[in-house]
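Visitor: I have a structure here, written as structure tokens, and I will follow up with some questions on it.
The values are calculated or read from the model by the stated rules, or taken from the named source; none is laboratory data. Keep in mind it's a predicted model, so treat the numbers as computed, not measured. Counting neighbours? That spans all protein chains shown, and the Cβs are built from the backbone with ideal geometry, glycine included.
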């Protein structure tokens, strides 16, 4: 299907359009995010939601729409939706109902999707985000609504054979989704990515969804168009919905490409929102372009009507309060806590919080235990996160307990271990699941008394007069060569103490 060109304008107008620069335009972005809720069973039946099972092995008469089969609501899906809504500052409906959204796709066996139209479970809310462009100043993105609905199946296209077969897997059919719809408040691709990153983090923290994008547990549609100043008026290009984006990178790149494509199309043809209907386009990650799929339907085209098999759900205030009382601190609260009470830089606090609640709890216990949040952050942010990444472990699987890590950092803070030896001790603790004391004994680390240190420094000065002359001539960095030699002679010598003693002896 080719892009449609409607009512091309005359050349004088074309010249005016070409005088407008892309940088003069404003990108208008709204997101529709589909999140699979963390339930064991589907939204209206008892079939499993487990990922990766044999095709069509997790279906029943309800989710495949057999005549006479009746749906029954999943109570946990309702509770998770309320939990998500509260965390996104949404108004929770006291009464919410179910509607049939009618359309015909091969992977939609009933010919309709059970969704929510005019009475969603979550009403208006908001989410505050920051980007590198707005560091220190939050941008509030309004949320229009969040509603519950069932997922469709999956079409599998085999293009390797001559017949190019398409098959249908209905395992996903009926899986509970929460669709979170923003207002068109997002202005850059970076803001869209930041919104999704913060949303994913929140949903992970509150145990609503694992948001695994590779498994399709978080999918995003982006609505994009441009507002363009032209003389005394501001015009808008036709809205395009980019469908089924399954990575943050795809979201960012598709929005960037689509905005540029719309600007070039407007310069060429002059189409505005009044001239052309809303389009649905797909993102081709290989070519890094969007391609036209179809003209976008309006809500009337879906012929929504209340589902006759499901009654409205009444949500009591006591139920909302109970769920709210179970919510722990959200990522924004924890970043504020780390910055204000533990004196971490904003970037450092964000790194710790982005790793999940387990890493935050680990950091808090260690920082409180060693009473030095800066050192705790340096070691956890660098050494621990590196080791977790290399081993593909979670913090819960990390072999060094918070107490053992605290004991190690106390030795570093006291000067018993320098940074290098401390890292050697940590590596031994991880490798052999042992305490700091056991690792120190295993590595043969022993304290060096003052007399040994004096003898070592005198030896270094006597044997390296050329280096001593460089230092005396003002090349302070040359002392590093002596410290390196000291470590080779006696690995247990503390580099800081060696440097201080050498400096004193050479300047005497």
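Visitor: Quick one: which strands (runs of 3 or more DSSP E) sit completely within the range 189-265 and have at least 2 residues that are at pLDDT 95 or above? Before the answer, list the steps.
Guide: Values: elements: 218-230, 233-236, 240-245.
So the answer is 218-230, 240-245.
Visitor: Right, another one. Tell me, yes or no, whether the range 166-189 has at least one residue that is within 14 Å of the chain's Cα centre (by Cα) and either surrounded by 19 or more Cβ atoms within 10 Å (Cβ to Cβ) or not assigned by TED's automatic domain parsing to the domain that holds residue 70 (or both). Talk me through it step by step, then tell me what you get.
Guide: Looking only at the range 166-189, we keep the residues that are within 14 Å of the chain's Cα centre (by Cα), and these are none.
Among the residues of the range 166-189, not one is within 14 Å of the chain's Cα centre (by Cα) and either surrounded by 19 or more Cβ atoms within 10 Å (Cβ to Cβ) or not assigned by TED's automatic domain parsing to the domain that holds residue 70 (or both), which makes the answer no.
Visitor: Of these, 437, 458, which one is assigned by TED's automatic domain parsing to the domain that holds residue 377, surrounded by fewer than 15 Cβ atoms within 10 Å (Cβ to Cβ) and part of a helix (DSSP H, G or I)? Give the steps one after another, and end with the answer.
Guide: Working: 458 fails: assigned by TED's automatic domain parsing to the domain that holds residue 377.
Every option except 437 fails the conditions.
Visitor: Among 256, 272, which is under 18 Å from residue 29 (Cα atoms) and over 23 Å from the mean Cα position of the chain (by Cα)?
Guide: Working: 256 fails: over 23 Å from the mean Cα position of the chain (by Cα).
Only one candidate qualifies: 272.
Visitor: With 121, 206 as the choices, which residue is closer than 30 Å to residue 58 by Cα and under 17 Å from the mean Cα position of the chain (by Cα)?
Guide: Working: 121 fails: under 17 Å from the mean Cα position of the chain (by Cα).
Of the residues listed, the single one that is closer than 30 Å to residue 58 by Cα and under 17 Å from the mean Cα position of the chain (by Cα) is 206.
Visitor: In addition: Those residues that are in contact with a helix residue (DSSP H, G or I) (Cβ under 8 Å, 6 or more places away or on another chain) and at pLDDT below 95, I need them from the range 103-128; list them, please.
Guide: 103
Visitor: Considering every residue within the range 290-307, establish whether at least one is surrounded by 15 or more Cβ atoms within 10 Å (Cβ to Cβ) and in contact with a helix residue (DSSP H, G or I) (Cβ under 6 Å, 6 or more places away or on another chain).
Guide: Taking every residue of the range 290-307 in turn, at least one turns out to be surrounded by 15 or more Cβ atoms within 10 Å (Cβ to Cβ) and in contact with a helix residue (DSSP H, G or I) (Cβ under 6 Å, 6 or more places away or on another chain).
Visitor: Moving on. Cβ-Cβ below 9 Å, separation at least six or inter-chain, first residue in the range 321-347 and loosely packed, with under 13 Cβ neighbours inside 10 Å, second at pLDDT below 95 and assigned to a loop (DSSP other than H, G, I, E, B): which pairs?
Guide: Cβ pairs passing all conditions: 347/135.
Yes/no matrix, rows are residues, columns are (1) free of Cβ contacts under 8 Å to residues at least 12 places away in the same chain; (2) in contact with a helix residue (DSSP H, G or I) (Cβ under 6 Å, 6 or more places away or on another chain); (3) surrounded by 13 or more Cβ atoms within 10 Å (Cβ to Cβ):
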residue	(1), (2), (3)
313	no, no, yes
317	no, no, no
353	no, yes, yes
356	no, no, yes
374	no, no, yes
382	yes, no, no
389	yes, no, no
396	no, yes, no
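Visitor: Take residue 267 and tell me if it is over 17 Å from residue 290 (Cβ atoms), in contact with a helix residue (DSSP H, G or I) (Cβ under 6 Å, 6 or more places away or on another chain), in contact (Cβ under 8 Å) with a residue 40 or more places away in the chain and surrounded by fewer than 19 Cβ atoms within 10 Å (Cβ to Cβ). Working first, answer last.
Guide: Numbers: over 17 Å from residue 290 (Cβ atoms): yes; in contact with a helix residue (DSSP H, G or I) (Cβ under 6 Å, 6 or more places away or on another chain): yes; in contact (Cβ under 8 Å) with a residue 40 or more places away in the chain: yes; surrounded by fewer than 19 Cβ atoms within 10 Å (Cβ to Cβ): yes.
Taking the combined requirement at face value, the residue satisfies it.
Visitor: Could you please let me know if residue 484 is over 40 Å from the mean Cα position of the chain (by Cα), modelled with pLDDT under 85 and either within 30 Å of residue 373 (Cα to Cα) or assigned by TED's automatic domain parsing to the domain that holds residue 375 (or both)? Even if it seems obvious, please write down each step before you answer.
Guide: Details: over 40 Å from the mean Cα position of the chain (by Cα): yes; modelled with pLDDT under 85: yes; either within 30 Å of residue 373 (Cα to Cα) or assigned by TED's automatic domain parsing to the domain that holds residue 375 (or both): yes.
So residue 484 passes the test.
Visitor: Mind checking which residues of the range 115-145 are within 19 Å of residue 202 (Cβ to Cβ), surrounded by 20 or more Cβ atoms within 10 Å (Cβ to Cβ) and without any contact (Cβ under 8 Å) to a residue 60 or more places away in the chain? Outline the logic, then answer.
Guide: Let us first name the residues in the range 115-145 that are within 19 Å of residue 202 (Cβ to Cβ), namely 120-131, 134, 138-145.
Those still in the list that are surrounded by 20 or more Cβ atoms within 10 Å (Cβ to Cβ) too: 120-122, 125, 127, 129, 141, 143, 145.
120, 122, 125, 141, 143, 145 - these are the residues of the range 115-145 that are within 19 Å of residue 202 (Cβ to Cβ), surrounded by 20 or more Cβ atoms within 10 Å (Cβ to Cβ) and without any contact (Cβ under 8 Å) to a residue 60 or more places away in the chain.
Visitor: If you scan the range 50-89, which residues turn out to be part of a loop (DSSP other than H, G, I, E, B) and touching a helix residue (DSSP H, G or I) at 6+ places or on another chain (Cβ under 8 Å)? So that I can check it myself, show each step before the final result.
Guide: To start, the set of residues in the range 50-89 that are part of a loop (DSSP other than H, G, I, E, B) comprises 50-74, 88-89.
Matches in the range 50-89: 88 only.
Visitor: Return the residues of the range 90-114 that are part of a strand (DSSP E or B) and buried (at least 18 other Cβ atoms within 10 Å of the Cβ); say none if nothing qualifies.
Guide: 92, 96, 99, 100, 101, 112, 113, 114 - these are the residues of the range 90-114 that are part of a strand (DSSP E or B) and buried (at least 18 other Cβ atoms within 10 Å of the Cβ).
Conditions (1) within 20 Å of the chain's Cα centre (by Cα); (2) in the same structural domain as residue 394 (by TED's automatic domain parsing); (3) within 25 Å of residue 123 (Cβ to Cβ); (4) part of a helix (DSSP H, G or I), marked per residue:
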{"site": "286", "(1), (2), (3), (4)": "no, no, no, no"}
{"site": "301", "(1), (2), (3), (4)": "no, no, yes, yes"}
{"site": "336", "(1), (2), (3), (4)": "yes, yes, no, yes"}
{"site": "348", "(1), (2), (3), (4)": "yes, yes, no, yes"}
{"site": "360", "(1), (2), (3), (4)": "yes, yes, no, yes"}
{"site": "377", "(1), (2), (3), (4)": "no, yes, no, yes"}
